[in-house]
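Worksheet for the structure shown next.
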Amino acid sequence: QVQLVESGGGLVQAGGSLRLSCAASGRTFIRYDMGWFRQAPGKEREFVAAMSWTGGKSYYADSVKGRFTISRDNAKNTGNLHMNSLKPEDTAVYYCAASRIGDYFHPSAYKYWGQGTQVTVSS
């Protein structure tokens with residue numbers, strides 16, 4: 001069992017930045033790929049970014065590429081999503097998730113999820 005807790009969400013103006021954090025506890029996080037997903041009201045949960053458990057591979061949705069950066073510190077059992085140049089369309093609840101399947105992009109591949117943190121970007 002892996003417990004994930006996100007933090008760092010909030011209200012920010014367009015063009016601003018936020019850093020989301022994901023703290024893992026329980027089973028060691030180190031063997032799990034980490035993903036970030038988001039869900040806006042009335043929309044399906046969508047892939048944002050993911051990183052392999054070694055940290056050697058990272059992937060981004062086209063909509064955030066060049067603006068968001070995913071990172072992790074396995075020694076501290078934490079992960080981060082640095083978000084720059086935020087846009088109103090980035091407004092959503094952001095979720096951290098852990099997977100051992102090797103499919104980075106689909107929510108169904110992730111076994112453990114955090115409770116989510118709200119990010120609101122005002123225009």
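The values are calculated or read from the model by the stated rules, or taken from the named source; none is laboratory data. Please read these numbers as outputs of a predicted model, since none were measured by experiment. Note that we place each Cβ from the backbone using ideal geometry, even for glycine, and neighbour counts take in every protein chain shown. Quick note on the areas: whole protein, heavy atoms, side chains included, nothing else; ligands and nucleic acids left out. Shrake-Rupley method; radii C 1.70, N 1.55, O 1.52, S 1.80 Å.
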| Given 10 Å bins starting at zero, what is the percent of C-alpha pairs of the chain in each, up to the one with the largest pair distance? | 15, 51, 29, 5, 0
| Loop-located trypsin sites (Lys or Arg not before Pro) in region 19-69, at most 16 other Cβ atoms within 10 Å (DSSP) | Arg27, Lys43, Lys57, Lys65, Arg67
| said: For a quick check of understanding: with a 1.4 angstrom probe and all protein chains in place, what accessible area in square angstrom does Glu46 have, to the nearest ten? | reply: 80
| Glu89-Gln3 FRET efficiency (beta carbon distance; Förster radius 22 Å; 0.05 resolution) | 0.15
| remark: Check: C-alpha center region 86-120 vs C-alpha center region 1-63, spacing in Å is 5
